Amino acid sequence: MPKLHFRYEVDGDDFTRAGEASSKLKQSLKQLGLSPQLVRRAAIAMYEGEINMVAHADGGVIDVDIDTVAITIVMKDTGKGIEDIGQAMKEGFSTASEEVRQMGFGAGMGLPNMKKHSDYMKVDSEVGVGTTVTMKISIADE
Amino acid sequence: MSAARFSTEDLAASLGFTPLNQARLPAREITSVYCGDLLSHVMGTAPEGSAWVTVMNNINVIAVASLAEVACVIMAAGSRPNEDVIARADEQGVLLFSGAGQIFETAFQVHEKLQL
Ligand SMILES: Nc1ncnc2c1ncn2[C@@H]1O[C@H](COP(=O)(O)OP(=O)(O)OP(=O)(O)O)[C@@H](O)[C@H]1O
Ligand SMILES: [Mg+2]
């Protein structure tokens with residue numbers, strides 16, 4: 001398979017469109033003939049990141065690279081950043097607003113889900129500067 | 001092992017749930033039943049092919065249902081989606097049903113059928 005690159009822009013205020021980028025990636029991965037389980041994991045992991053970009057930052061950019069070894073998803077925003085990444089990674093920790101909670105988010109499960117559905121995950125964040133989440137999903141050892 | 005397969009068509013036909021877009025989408029087999037309202041929790045744990053019972057009815061439900069690949073969404077306790085949500089569900093191929101029963105009762109009805 002040749003190396004592929006996809007870029008998605010995520011609108012920061014639009015909860016009704018959150019998930020579009022993940023849907024598009026899912027379609028593309030399906031067309032590449034990757035296994036349904038792999039496609040599902042990538043789509044779920046990216047969706048959680050996409051929602052976080054809308055709920056906790058003001059949108060951002062997602063770069064996805066696919067080669068024979070892995071799907072690499074890099075989600076970058078210039079939002080408020082995360083103070084304590086270790087705490088943010090814990091199941092149940094959430095600073096979601098009341099508005100966001102009313103929509104059904106704010107369980108504090110997004111980052112843990114991203115970790116669970118990827119083979120490698122790294123969160124880089126600086127308060128006031130932004131957050132970059134990198135995830136890798138291996139294709140090779142399937 | 002269940003001999004007779006249970007599909008989304010049986011939800012209206014044998015359990016009386018109201019189909020909201022069944023006429024426009026292909027039926028799907030239901031292999032389990034799942035309950036949840038916290039969307040990230042659902043995203044992380046809903047089994048593929050399950051009938052997802054929830055009281056949530058906003059547009060994000062459709063994204064979660066589609067990406068988690070559940071067989072359908074059953075909005076319980078009289079919860080109903082608006083037109084925009086139904087339109088998005090049509091677009092994404094997510095089957096929607098609604099029912100008056102509470103979550104447990106609704107899920108239990110489906111569960112019983114799956115045991116046959
Ligand atoms: N991109 C981001 N920018 C700033 N803060 C973030 C970002 N992503 C996550 N966080 C912080 O980490 C916390 C935990 O994130 P996580 O996705 O696990 O849960 P949540 O978004 O609060 O709820 P859920 O994902 O269950 O709907 C968030 O509440 C927020 O404080
Ligand atoms: Mg989240």
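The values are calculated or read from the model by the stated rules, or taken from the named source; none is laboratory data. For clarity, every value in this text was computed on a predicted model and none was experimentally measured. Ideal geometry is used to build each Cβ from the backbone, glycine not excepted, and the neighbour counts take in all protein chains shown. The area values use the complete protein model at the heavy-atom level, side chains included, leaving out ligands, DNA and RNA. Shrake-Rupley method; radii C 1.70, N 1.55, O 1.52, S 1.80 Å.
All told, A:A55 falls short of being within 14 Å of chain B (Cβ to nearest Cβ), within 16 Å of ligand 2 (Cβ to nearest atom) and at pLDDT below 95. Scanning the stretch A:88-130 for residues that are touching a helix residue (DSSP H, G or I) at 6+ places or on another chain (Cβ under 8 Å), polar (S, T, N, Q) and not in a loop (DSSP other than H, G, I, E, B) gives A:N113, A:S125. Residues that are in contact with an Asp or Glu (Cβ under 9 Å, 6 or more places away or on another chain), open to solvent by 30 Å² or more (accessible area, probe 1.4 Å) and within 11 Å of chain A (Cβ to nearest Cβ) do not occur anywhere in the stretch B:92-99. Only residues that are part of a strand (DSSP E or B) and open to solvent by 20 Å² or more (accessible area, probe 1.4 Å) were counted in the stretch A:64-75, giving 3.
Apart from one condition, A:A88 fits all of (1) open to solvent by 20 Å² or more (accessible area, probe 1.4 Å); (2) of a type outside the set (K, R); (3) within 11 Å of ligand 2 (Cβ to nearest atom); (4) touching a strand residue (DSSP E or B) at 6+ places or on another chain (Cβ under 9 Å); the exception is (1). Cβ-Cβ contacts under 7 Å between residues 6 or more apart (or on different chains), taken from a first residue in the stretch A:58-69 that is under 14 Å from A:I137 (Cβ atoms) to a second residue that is surrounded by fewer than 17 Cβ atoms within 10 Å (Cβ to Cβ) and of a type in the set (F, W, Y), are listed as A:V64/A:F6. The number of residues in the stretch B:24-47 that are more than 19 Å from A:K115 (Cα to Cα) and either at the interface with chain A (Cβ under 7 Å from one of its Cβ atoms) or in a helix (DSSP H, G or I) (or both) comes to 2. Here the stretch A:110-131 is the region considered, the condition is being among the charged types (D, E, K, R) and within 16 Å of A:Q87 (Cβ to Cβ), and the residue that is surrounded by the most Cβ atoms within 10 Å (Cβ to Cβ) is A:K115.
Here is a check on your reading of the model: is B:R88 outside any loop (DSSP other than H, G, I, E, B) and basic (K, R)?
Details: outside any loop (DSSP other than H, G, I, E, B): yes; basic (K, R): yes.
Criteria met by B:R88.
When A:I62, A:I44 are checked against the criterion of being within 12 Å of chain B (Cβ to nearest Cβ) and either under 23 Å from B:E69 (Cα atoms) or touching a Cys at 6+ places or on another chain (Cβ under 6 Å) (or both), a single residue qualifies: A:I44. Condition check for A:V61 on (1) open to solvent by 30 Å² or more (accessible area, probe 1.4 Å); (2) among the hydrophobic types (A, V, I, L, M, F, W, C); (3) assigned to a loop (DSSP other than H, G, I, E, B); (4) more than 10 Å from ligand 1 (Cβ to nearest atom): one failure, at (3). Just one of the listed residues (B:V64, B:V70) is among the β-branched types (V, I, T), in a loop (DSSP other than H, G, I, E, B) and at pLDDT 95 or above, namely B:V70.
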